[in-house]
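Each remark here refers to the structure printed beneath this line.
The values are calculated or read from the model by the stated rules, or taken from the named source; none is laboratory data. These numbers come from a predicted model, not from an experiment. All Cβ positions, glycine included, derive from the backbone under ideal geometry; neighbour counts span all protein chains shown. For the accessible areas, the whole protein counts, side chains as well, though only heavy atoms, and no ligand, DNA or RNA atoms are used. Shrake-Rupley method; radii C 1.70, N 1.55, O 1.52, S 1.80 Å.
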Amino acid sequence: MRHLGASSGAAGPAGRRAPAASGRLQQQGCARPPPRPRRRAPAAAAQPQPSAPAAAAAAGRPQQQAPPPAYLEDSATAAFLAWARGAGASFERLRPASFAGLRGLAAAAPIKADDLILSVPRGAAITLPPKQRCPCPEFVTPAFWDAAPWFVRLGVRLLAERAKGPSSGLAPYLQQLPKAVDTPVSWSGERLQQLQYPYLIQKVTEQQQEWAALHEGLCAGMAPGVPPPSRADFFWALACVRSRTFSGPYVASTLSDRLRLAGLVAFLVVGNTLAQGPDSLANSAGAAVAAFVFNILYETILSGKLKQYALCPVIDLANHSSSETAEVSYDYFRDAFVVAAGRDYAPGSQVFVSYGTQSNDSLMQYYGFAEPSNPADSYVMVSLLKWLEQLAQPSQARLGELNGAGLLPALQEVAVTRQGFAPRTLQALRFLLAPDGAPGGPAAFEAPGGAALEERVGLVLVHACRQELAALGTSLEEDLALAAAGPGGGGGGGGAGRRGGARRDGGAADAAAVAFRIEKKRVLAECLRQLTGGSG
């Protein structure tokens with residue numbers, strides 16, 4: 001998860017963005033991606049990164065035109081849009097559409113940067129405020145609700161509403177959710193292996209185990225006489241929540257509360273003026289304004305310390321692009337979740353939002369896609385020590401010193417980016433590879449050493465990248481051929497922006513794995529080019 005940042009703004013009356021009273025929201029699919037290097041280290045640095053088009057061309061990637069929209073006009077979508085409008089949502093210049101089979105939002109009219117394009121009242125969203133009491137005691141026990149993690153609580157809300165069938169006030173929203181969510185947590189072990197990426201395979205396996213244990217807890221925490229949902233239904237609910245929820249500052253009062261407060265302040269001003277005469281009007285009005293402003297400031301400052309989670313209908317149809325600046329914000333004065341366009345859009349083009357800075361690890365794990373040329377992507381190498389030992393056997397004494405200095409983890413889970421390796425990893429390698437009798441402990445090797453030492457470090461890094469690529473099962477060229485062959489050849493999946501959508505068949509799921517591992521191999525290949533000065 002990203003840190004909350006300053007608001008990118010909420011729309012003002014003219015449909016342009018005005019300063020919002022509360023911060024923007026974050027997508028909640030993932031944990032923080034592995035840290036990226038804060039500076040380039042000499043052993044890992046080379047030429048500057050090429051621009052995105054140049055990088056794509058250098059890697060042999062064809063520049064594809066955006067697919068045209070196929071507008072969704074089925075009865076379920078129509079009923080959902082009518083329900084959303086009835087709940088106060090505003091999205092006049094947007095239409096749900098399918099883009100090459102991927103559902104998203106299309107511009108139905110010209111859109112300018114900073115235009116307000118989406119507004120969903122908080123009352124129309126499924127929200128989880130801090131310390132919320134169990135809203136569905138007829139479905140689960142309050143004790144289970146209080147102990148459950150946030151994403152399980154929202155998943156329970158979806159399951160409880162779905163159990164009501166057509167009588168649920170959220171039925172139109174539930175009806176348009178994907179019937180199954182194709183993210184790796186639902187994959188078999190055999191399919192997970194097609195990711196060819198030990199780090200994510202382990203993370204997803206742990207996620208599957210965690211969710212299985214949470215399902216057992218739910219089965220024991222159902223309200224008396226209520227049959228528990230199946231494991232598949234529970235996984236569906238959690239996958240929907242993890243791929244569609246935003247988080248942001250929590251404000252306790254609603255718009256109606258604020259209007260009542262304004263009315264009460266106005267009533268007191270009038271009453272005080274009638275009681276004390278017209279001369280008191282200025283003082284009464286000043287005091288009223290001060291009280292009203294104090295209340296707003298108190299709530300907005302307090303909101304920085306409290307967090308709410310929200311499933312926002314219509315907004316959650318928007319797909320992700322890391323090149324976008326548009327984010328979901330909470331607008332205090334509208335009491336609504338809003339989106340302002342990050343750039344201009346022509347009619348028919350897909351409108352994106354940013355889920356925040358996320359690596360392809362988190363995008364694949366929680367949303368089911370990998371974004372090509374993702375600038376935040378990294379490759380987490382868990383075998384660096386093994387590759388090091390093939391060239392040089394580090395002494396146990398030095399490994400112990402590294403552990404004591406807190407640097408051993410820098411060799412156990414190593415975040416490799418296109419630019420190279422993290423400074424702490426380079427520091428740890430310098431210490432292990434330094435000649436016997438070198439003065440100082442690990443702290444003495446933070447800065448680059450002599451040419452001979454830096455050459456030894458560079459040789460280890462090059463060897464590690466080559467060995468890692470060789471151990472992945474297929475080459476980058478073979479994966480590119482699979483992707484070009486399309487679904488029949490086990491490829492053709494991936495692509496930026498897909499939120500975990502309807503489950504695809506086995507071949508298409510394999511295609512998503514191929515698209516993911518292509519991006520991982522590109523990270524390693526580019527890092528290797530940086531290390532070798534372009535020779536690979």
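Candidates are the residues of the range 314-331 that are closer than 12 Å to G248 by Cα and not small (G, A, S); the one that is surrounded by the fewest Cβ atoms within 10 Å (Cβ to Cβ) is D331. Across the range 143-188, the qualifying residues are those that are open to solvent by 50 Å² or more (accessible area, probe 1.4 Å) and outside any loop (DSSP other than H, G, I, E, B), and the one among them that is farthest from P227 (Cα to Cα) is Q175.
Is one or more of the residues making up the range 383-390 closer than 23 Å to Y197 by Cα, out of contact with any Asp or Glu (no Cβ under 6 Å at 6 or more places or on another chain) and modelled with pLDDT under 95? Break it down into steps so the answer makes sense when it comes.
Quick first cut of the range 383-390, residues closer than 23 Å to Y197 by Cα only: 383-390.
Still in the list and also out of contact with any Asp or Glu (no Cβ under 6 Å at 6 or more places or on another chain): 383-390.
Remaining after also requiring modelled with pLDDT under 95: 383.
Checked the range 383-390: at least one residue is closer than 23 Å to Y197 by Cα, out of contact with any Asp or Glu (no Cβ under 6 Å at 6 or more places or on another chain) and modelled with pLDDT under 95.
Number of residues in the range 65-94 that are open to solvent by 50 Å² or more (accessible area, probe 1.4 Å) and either part of a strand (DSSP E or B) or over 23 Å from V338 (Cβ atoms) (or both): the value is 11.
Among the candidates S167, S243, which residue alone is farther than 25 Å from A143 by Cα and either touching a residue at least 60 places away in the same chain (Cβ under 8 Å) or within 23 Å of the chain's Cα centre (by Cα) (or both)? Give the derivation first.
Numbers: S167 fails: either touching a residue at least 60 places away in the same chain (Cβ under 8 Å) or within 23 Å of the chain's Cα centre (by Cα) (or both).
After ruling out the rest, the residue left standing is S243.
In this structure, Q194 qualifies as under 26 Å from S378 (Cβ atoms), open to solvent by 30 Å² or more (accessible area, probe 1.4 Å) and touching a residue at least 60 places away in the same chain (Cβ under 8 Å). Within the range 199-218, identify whether any single residue is closer than 19 Å to V514 by Cβ, buried (at least 17 other Cβ atoms within 10 Å of the Cβ), touching a residue at least 60 places away in the same chain (Cβ under 8 Å) and touching a Lys or Arg at 6+ places or on another chain (Cβ under 8 Å), and answer yes or no. No, the conditions are met nowhere in the range 199-218. Restricted to the range 363-464, the set of helices (runs of 4 or more DSSP H) holding at least 2 residues that are crowded, with 23+ Cβ neighbours inside 10 Å comprises 423-433. State all residues of the range 109-134 that are touching a residue at least 24 places away in the same chain (Cβ under 8 Å), closer than 29 Å to A82 by Cβ and not aliphatic (A, V, I, L, M); if no residue qualifies, say none. P110, K112, D114, D115, S119, P121, R122, G123, T127, P129, listed by residue number.
Among the residues making up the range 465-483, those that are in a helix (DSSP H, G or I) and in contact with a Lys or Arg (Cβ under 7 Å, 6 or more places away or on another chain) are L469, L476, D479. State whether the residues of the range 353-361 include one that is assigned to a strand (DSSP E or B) and in contact (Cβ under 8 Å) with a residue 12 or more places away in the chain. Checked the range 353-361: at least one residue is assigned to a strand (DSSP E or B) and in contact (Cβ under 8 Å) with a residue 12 or more places away in the chain.
Considered as a group, the residues in the range 95-135 that are among the polar types (S, T, N, Q) and not in a loop (DSSP other than H, G, I, E, B) include one that is surrounded by the fewest Cβ atoms within 10 Å (Cβ to Cβ), and that residue is S98.
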